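These notes concern the structure reproduced below.
Bear in mind that the values in this text are calculations on the coordinates, not laboratory data. Not measured: the values here are computed from a predicted model. Note that we place each Cβ from the backbone using ideal geometry, even for glycine, and neighbour counts take in every protein chain shown.
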Amino acid sequence: MTVHEQVKRLYDYFFNKVYRSHVDLNLTSELNRKMIDNFAKVVGAQLNLPNVGINYLVEYFTFQFKYWSDKTTARRLTLNWVIGRKALRRWRDHHPEVRYYVRRFVKEHGLDLDALRRELAPEPEPTVLSAAEEVEKVRFAGPARLYHCTQTTTLYHHRSLTCLGCDQRVACKKLLRRTHPSLYSKRGYA
């Protein structure tokens with residue numbers, strides 16, 4: 001799950017739970033994508049990390065929605081109010097004692113942060129390759145192997161010695177990207 005999808009999921013979840021109304025953040029909006037990119041860049045620079053972790057994002061959004069739940073506004077809460085420059089400054093400068101009120105806020109609104117973290121966390125790649133799949137990969141040679149693999153396996157895998165030695169591995173990896181983009185990303189090729 002990309003940082004854009006994570007921020008969208010967090011914003012939608014908190015908004016829907018806290019304000020009891022349905023919202024669906026538009027990720028096709030160039031403005032929203034730029035705001036999220038800037039947020040990730042600024043937070044990554046502050047933490048000296050290449051990307052922002054799920055726990056950090058959940059704590060951050062919980063704090064921001066707690067802050068805005070106490071305020072009366074004329075307009076609906078926007079993404080910029082949650083991840084904008086002032087929001088980042090408010091997060092950076094908040095007093096540690098605020099955590100008590102944030103925990104109370106979580107209880108009051110019935111927020112299940114652990115379930116949210118599990119939903120945002122990427123599924124771990126199995127460390128053991130399927131033995132049946134490995135047997136199927138060696139059944140044929142040449143172009144016939146590629147065709148057979150498309151029918152019986154999940155295609156190229158970087159941990160498979162059979163795949164690493166196959167002369168069709170480049171075509172197989174391209175086919176994996178085109179036919180199974182989520183699996184391609186999950187294996188870390190994207």
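Run the helix sum for the chain: -39,500 (n - 2.57) per DSSP H stretch of 4+ residues, divided by residue count, reported at 222 nm to the nearest 500 deg cm²/dmol.
Dividing the helical sum by the residues of the chain leaves -19000 deg cm²/dmol.
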In the stretch 156-190, which trypsin sites (Lys or Arg not before Pro) are in a loop and have at most 16 other Cβ atoms within 10 Å, using DSSP for the loop call? R159
Subtracting the Cα-Cα distance of L161 and S182 from 0.36 nm times their residue separation yields 5.3 nm
Round to the nearest 0.05 the FRET efficiency obtained for E59 and L129 when R0 = 30 Å and r is the Cβ-Cβ distance. 0.25
Based on the inverse mean of 1/r over its pairs of different Cα atoms, what is the Kirkwood hydrodynamic radius of the chain, in Å? 19.6
If the reach is capped at under 21 angstrom between alpha carbons, list the lysines near K41, excluding any in the same chain fewer than eight residues apart. K8, K86
How much FRET efficiency would the formula 1/(1 + (r/R0)^6) give for V98 and Q46, where r is the Cβ-Cβ distance and R0 is 30 Å, rounded to 0.05? 0.95
K107-R139 pseudo-label distance in nm [points 7 Å out on the Cα-to-Cβ vector]: 5.9
Contour minus Cα-Cα span, L31 to R76, at 0.36 nm per residue, comes to 14.5 nm
Under a plain spin-label model, where a point goes 7 Å from the Cα along Cα-to-Cβ, how far apart in nm are R90 and V23? 1.2
Percent of alpha carbon pairs in the stretch 131-186 separated by more than 18 Å? 20
So which aspartates and glutamates can K66 reach, going by Cα to Cα under 16 Å and dropping same-chain residues fewer than 8 places off? D12, D93, E97, E108, D112
Shape of the stretch 61-101, Cα gyration tensor, a/c cut at 1.5: oblate
Relative contact order in percent for the stretch 82-190 (Cα pairs under 8 Å, 6+ apart) equals 18
Mind telling me which of Y156, Y13, Y60 comes out most flexible in a GNM of the chain, alpha-carbon contacts under 10 Å? Y156
Residue span A190 to R118: 0.36 nm per residue of separation minus Cα-Cα distance leaves a gain in nm of 23.7 nm
Please state the shape class of the stretch 30-110: rounded when a/c is under 1.5, otherwise prolate if a/b exceeds b/c and oblate if not, all from the C-alpha gyration tensor. oblate
Give me Rg/Rg_expected for the stretch 71-150, where Rg uses Cα atoms only and Rg_expected = 2.2 N^0.38 Å with N residues. 2.15
